[in-house]
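The block underneath contains the structure these notes are about, expressed in structure tokens.
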Amino acid sequence: AVLRSIMLADVELRNPPDSIVTVNAVRDGFAFLAPYGGNLFRVIAWNRRHQVDDSAPVDRAELRDVIESAMGTDHGLGAVQWQSRFHSDERQVPQYRTGRVFLAGDAAHVHSPAGGQGMNTGIQDAANLGWKLAAVLGGADDSVLDTYHAERHPVGRMVLRTSGTTMRMMTLRPWVLRKIRNVVVATLLRFPPTGGAVAETFSGIGIRYEHRTGDSELVGRRAEDIPTAAGRLHEVLRSGGFVLIAERDVPVPSGVHAVTRLGDGPALLVRPDGYIAWAGDSASDGWRVALKRWTGRMPVSA
């Protein structure tokens, strides 16, 4: 395990912090506070000096001491409404697909909670796999299901790496290394390109799936929520099918939603999970070829 005996609790704070999320690490532990209504906060805390079994109850005094040590104040810790302990492992299965069996979420990868990537990564797994299962049931080649592992396994590996590195940085013990960490992190985050890259990594927005040689640089990336004549793209995607965004009306087969782009930009074929399958000129057959590759259906040219 990366860390054991991590405390998790829902508490009341009489003097809550001003920040939306508050986190700090010191020599012997760390504390994380996030509000979820009124004066109620979710607390994640760790005490290096008190390592016990996951079944051991969380003592309010220990929780207060760790928060105060990390934050400089206990923020007026009140009632503890719920508490538990857990440990953090780092594991990933070698294959997300074996025949008719698919693994997703915590069944495929477990890692440190640092960065808050666990739930989103699992949801992205399900979103990636779900539409591909539907496509194969609708006539697409079975090899489409192999792309689930090809696309999502590298993402899971990256999440293990980034969350594990973040947790190890948070729990550095020598004061010299902690000082260096604080200076380096603060300096890097001060620059917009670096800060933006970090935000994209932890949010998952920066993911780019494998693409073919010669494809547009947009292929494999998450589609932005661009305006269309039918509304914002992410609203249109709620239809559950592919979306073709073009500068003019284009005939499309059933299961594909065609919308007109508002503003400049290339035509896009967007997958049901919000990632770009093709980008180019809608007058070409490129989007039709891409659609056939994913669904097994070749639309008739206009």
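The values are calculated or read from the model by the stated rules, or taken from the named source; none is laboratory data. The structure presented is a predicted model; accordingly, all values stated were derived computationally and were not measured. Neighbour counts are summed over all protein chains in view; Cβ atoms, including those assigned to glycine, are modelled from backbone coordinates with ideal geometry.
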Scanning segment 259-279 residue by residue, those touching a residue at least 40 places away in the same chain (Cβ under 8 Å), in a loop (DSSP other than H, G, I, E, B) and not small (Gly, Ala, Ser) turn out to be Pro266, Arg271, Pro272, Asp273
Tally, over segment 85-107, of residues that are of a type in the set (Val, Ile, Thr) and within 30 Å of Asp59 (Cβ to Cβ) = 0
Ser282 fails exactly one of the following numbered conditions: (1) in a helix (DSSP H, G or I); (2) over 22 Å from the mean Cα position of the chain (by Cα); (3) at pLDDT below 85. What is the number of that condition?
-> (1)
Out of (1) within 25 Å of Ile123 (Cα to Cα); (2) under 19 Å from the mean Cα position of the chain (by Cα), what's the single condition that is false for Thr194?
-> (1)
When residues of segment 46-82 are filtered for being hydrophobic (A, V, I, L, M, F, W, C), in a helix (DSSP H, G or I) and closer than 19 Å to Leu172 by Cβ, how many remain?
-> 3
Only residues that are assigned to a helix (DSSP H, G or I), small (Gly, Ala, Ser), in contact (Cβ under 8 Å) with a residue 24 or more places away in the chain and more than 19 Å from Gly105 (Cβ to Cβ): list them for segment 135-169, please.
-> Ala135
Assess whether Gln117 counts as being within 30 Å of Arg157 (Cα to Cα) and crowded, with 20+ Cβ neighbours inside 10 Å.
-> yes
Out of segment 182-217, which residues are surrounded by fewer than 11 Cβ atoms within 10 Å (Cβ to Cβ), assigned to a loop (DSSP other than H, G, I, E, B) and small (Gly, Ala, Ser)?
-> Gly214
Yes/no for Glu235 being of a type in the set (D, E, K, R) and under 30 Å from the mean Cα position of the chain (by Cα) | yes
List the pairs whose first member sits in segment 49-62 and is farther than 18 Å from Val11 by Cα, whose second member is hydrophobic (A, V, I, L, M, F, W, C) and surrounded by 12 or more Cβ atoms within 10 Å (Cβ to Cβ), and whose Cβ atoms are under 7 Å apart, counting only residues at least 6 apart or on separate chains?
-> Asp54/Phe86
Could you please give the count of residues in segment 99-112 that are among the hydrophobic types (A, V, I, L, M, F, W, C), touching a residue at least 24 places away in the same chain (Cβ under 8 Å) and more than 22 Å from Trp294 (Cα to Cα)?
-> 1
Only residues in segment 113-125 that are closer than 23 Å to Met7 by Cβ count as the first member; pair them with residues that are among the aromatic types (Phe, Trp, Tyr) and at pLDDT below 95, Cβ under 6 angstrom, at least 6 apart or cross-chain, and list the lot.
-> Gly115/Phe202
Total residues in segment 44-61, condition over 12 Å from Asp28 (Cβ atoms) and surrounded by fewer than 17 Cβ atoms within 10 Å (Cβ to Cβ) | 9
A careful count of residues in segment 145-165 that are within 20 Å of Pro113 (Cβ to Cβ) and among the hydrophobic types (A, V, I, L, M, F, W, C) gives 4
Residue satisfying all of: in segment 2-43; assigned to a loop (DSSP other than H, G, I, E, B) and of a type in the set (D, E, K, R); surrounded by the fewest Cβ atoms within 10 Å (Cβ to Cβ) among these = Asp18
In segment 89-119, which residues are at pLDDT below 90 and either under 18 Å from Arg208 (Cα atoms) or part of a helix (DSSP H, G or I) (or both)?
-> Gln117, Gly118, Met119
